[in-house]
Amino acid sequence: MRTRPESAPSPASSWGVANHDEDTAGLLSAPVAARRLGIGTRSLGKLTAADAIPSHKVLRRRLYDPAELQAWLDMGAPAEPGSAAAVREAMRGGAV
């Protein structure tokens, strides 16, 4: 297995992207988000695929903002496709 010398830049930094951990600070992975919501990861995946719950794609990972998840819960946890946009709009408007 080839390894990169310690002084070589990571591929992400060569693309002008900050350190992956810095980009995701405060965001939750799918298993952690599902556990906090009290649902299974499959249910979370279905809600995410339907754009019913707010999420962010960072590189190859789907991550969740705790504030957006709380706003989603405060709105009654809507499961209708496209509900994530309503949650984000409510957060921008300060309604949640």
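The values are calculated or read from the model by the stated rules, or taken from the named source; none is laboratory data. Source: prediction; values computed, not measured. Neighbour counts run over all protein chains shown; Cβ positions are idealised from the backbone, glycine included. The accessibility values were calculated without ligands, DNA or RNA, using every heavy atom of the protein model including side chains. Shrake-Rupley method; radii C 1.70, N 1.55, O 1.52, S 1.80 Å.
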Q. How many percent of the accessible area of the range 47-92 is carbon or sulfur, using a 1.4 Å probe?
A. 53
Q: Could you tell me whether the range 25-78 comes out rounded, prolate or oblate from its Cα gyration tensor? Rule is a ≥ b ≥ c as square roots of the eigenvalues, rounded for a/c under 1.5, then prolate if a/b exceeds b/c, otherwise oblate.
A: rounded
Q | Stretch gain in nm, segment residue 51-residue 25, where the contour uses 0.36 nm per residue and the Cα spacing is subtracted | A | 7.1 nm
Q: Find, among the trypsin sites (Lys or Arg not before Pro) in the range 25-96, those assigned to loop by DSSP (not H, G, I, E, B) with at most 16 other beta-carbon atoms within 10 angstrom.
A: 60
Q | Environment charge at residue 86 (Cβ cut-off 13 Å; Lys +1, Arg +1, Asp -1, Glu -1) | A | -3
